[in-house]
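Accompanying notes for the structure given below.
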Amino acid sequence: MKKILVSGASGLIGKKLCNVLHSKGYQVETLVRSRKAKSEFKSYLWDYEHAFIEDGALQNTTVFINLAGATISKRWTKSYKKEIYDSRINSSQFIFDEMTRRNVFPQAVISSSATGFYGQLTSEKIFFEDDPASHDFLGMVCRDWEEKAVQFEKLGSRVVRIRTSTVLSRSGGALAVLRKPVDYHVGAVLGDGQQYFPWIHIDDLVAIYVKAVEDASMNGAYNAAAPDFVNNKILTQKIANHLGQKIWLPNIPKLIIRTMLGEMSCIALEGSRVSSDKIQKAGFRFQFADLDTALSDVL
């Protein structure tokens, strides 16, 4: 069996991906920051901040999937922005250095990234994989994160970067936050509601990762976003419809959201469309290609 080593395996995406890979017959092993992180898979301790990784963790790795990174859904203080950055960039560099030092040469490295690569702005532009990174905070994080992934090519690895949009799942994540105001009859459109909301169903995202493992022709960056373009106004209304609720409150002004969330308010108030053409041309077919189908499943 091919050994697939996964970092960030305790997160929403990691848990489901590990189970799917295991069901397909792969030998799944994980990197964990603490023994408290329960896993049904063989796991190894690692701590990039103290340059530690347990012996045997990297040995015989055929594919390395890097999902490690602190959530961006906490208030962006100066110290927390550093944690967002370091947990992605420094951890990736550490694994590369350790693989180089230990003469580990994985066939493929699949690295998480985000559609934040293109920046948090609202425009009529549709972003493709060959567009440059934005100069804002998330754009800078994603750019540097991907640069750390690309260096694994020096080890002879095929490198795939998955630029992930907001993930819709039954098990917590963004949807739990999005639906809560609607559940309590205080749902409202954010700002002017015209900001686009790139999204993907978790089953489709996991399927893209599996394809990246198995399809040797996949290389480079791929947007993981459903082909259905919706803005915040449409999203809010559709969530309410699927929950049998009505949106009756006026739009929440941008000033209030910026006051509440600070700099991270850009996630809620800005957004542009992201193309899924490249992954579809690679032969991927979305199971949940439109928002209504996705919401019917996760709600």
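Worth a mention:
- Residue among 121, 276, 210 farthest towards the positive dipole end of the chain, charges placed on Cβ: 210
- Here the average projected area of the convex hull drawn through the C-alpha atoms of the chain stands at 15.2 nm².
- Förster radius 30 Å - calculated FRET efficiency between residue 171 and residue 251, Cβ distance, rounded to 0.05: 0.50
- Put in line by how crowded their Cβ is, counting other Cβ atoms within 10 Å and starting with the fewest, 230, 109 read 230, 109.
- Couplings 3J(HN,Hα) for segment 113-126, derived from phi with the Karplus relation 6.51 cos²θ - 1.76 cosθ + 1.60 (θ = phi - 60°), are 8, 8, 5, x, 3, 7, x, 9, 8, 9, 8, 8, 6, 9 Hz, where x marks Gly and Pro.
- Relative contact order [Cα under 8 Å, 6+ residues apart], segment 107-212, whole percent: 31 percent
- Antiparallel beta bridges, as assigned by DSSP with both residues in the chain, represent about 10 percent of the total such bridges.
- 249, 17, 168, 121 arranged by Cβ crowding within 10 Å, fewest neighbours leading: 249, 121, 168, 17
- Sequence-distant residues sharing a close amide H with residue 164 (under 5 Å, placed H): 113, 114, 115, 224
- Where a label projected 7 Å from the Cα of residue 136 along Cα→Cβ would reach, residues of segment 256-288 with amide N under 15 Å: 257-259, 261-274
- Over the chain: helical MRE at 222 nm, DSSP H runs n ≥ 4 each giving -39500 (n - 2.57), nearest 500: -11000 deg cm²/dmol
- Seen from every direction in turn and averaged, the convex hull around the alpha carbons of segment 138-241 projects onto 8.1 nm².
- For residue 65, nonlocal amide neighbours, meaning residues 5 or more places apart or on other chains whose placed amide H falls under 5 Å from its own, are 5, 6, 7, 110.
- Whole-Hz couplings from phi, Karplus 6.51/-1.76/1.60, listed for segment 206-221; x for Gly and Pro: 4, 5, 5, 4, 4, 4, 5, 5, 9, 9, 5, 7, 6, 7, x, 8
- HN-Hα J in Hz across segment 171-178 - Karplus 6.51, -1.76, 1.60, θ = phi - 60°, x for Gly and Pro: 9, x, x, 4, 5, 4, 6, 5
Taken together, the values in this text are just the output of simple stated rules run on the coordinates, not laboratory data. The structure presented is a predicted model; accordingly, all values stated were derived computationally and were not measured. Cβ coordinates were reconstructed from backbone atoms using ideal geometry, including for glycine residues, and neighbour counts include every protein chain displayed.
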